[in-house]
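The values are calculated or read from the model by the stated rules, or taken from the named source; none is laboratory data. Please read these numbers as outputs of a predicted model, since none were measured by experiment. Heads up, the Cβs are rebuilt from the backbone with ideal geometry, glycines too, and the neighbour counts pull from every protein chain shown.
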Amino acid sequence: MAAVLRIPTVLRPAMGGATTVTVEGATIGEVLQTLTTTYPAIKGQLLNDDGTLHRFLNVYINDDDVRYLGGVDAPVANDDEITLLPAVAGGAA
């Protein structure tokens, strides 16, 4: 299965500036494994050491939150659009 992964601005430096990439995988876990194998610098921003999603990372398949679709086991179909949205905090104290 090949899906299109949309890369937010904050993650683009770890991915050579790419805005989208095509990735293979039948589940979100497989897609992220493929992604982190191709772009190792991004792994720490997406996954915990045990392979689970960082709690501050939101992942969507066609606008549906993967937390409600099975997390890393959420199925990915051919031509799905996957969006990564890391939570960004900051500002003046």
Q | Inter-residue pairs, beta-carbon under 7 Å, first of a type in the set (Ser, Thr, Tyr) and in segment 1-26, second at pLDDT 90 or above, 6+ apart | A | THR19/ILE7; THR19/ARG12; THR20/VAL4; THR20/LEU5; THR20/ARG6; THR20/ILE7; THR22/VAL4
Q.
Step by step: first the residues of segment 35-84, then only those that are touching a residue at least 60 places away in the same chain (Cβ under 8 Å) and surrounded by 13 or more Cβ atoms within 10 Å (Cβ to Cβ), then the one that is nearest to LEU11 (Cα to Cα). Which residue is that?
A. LEU84
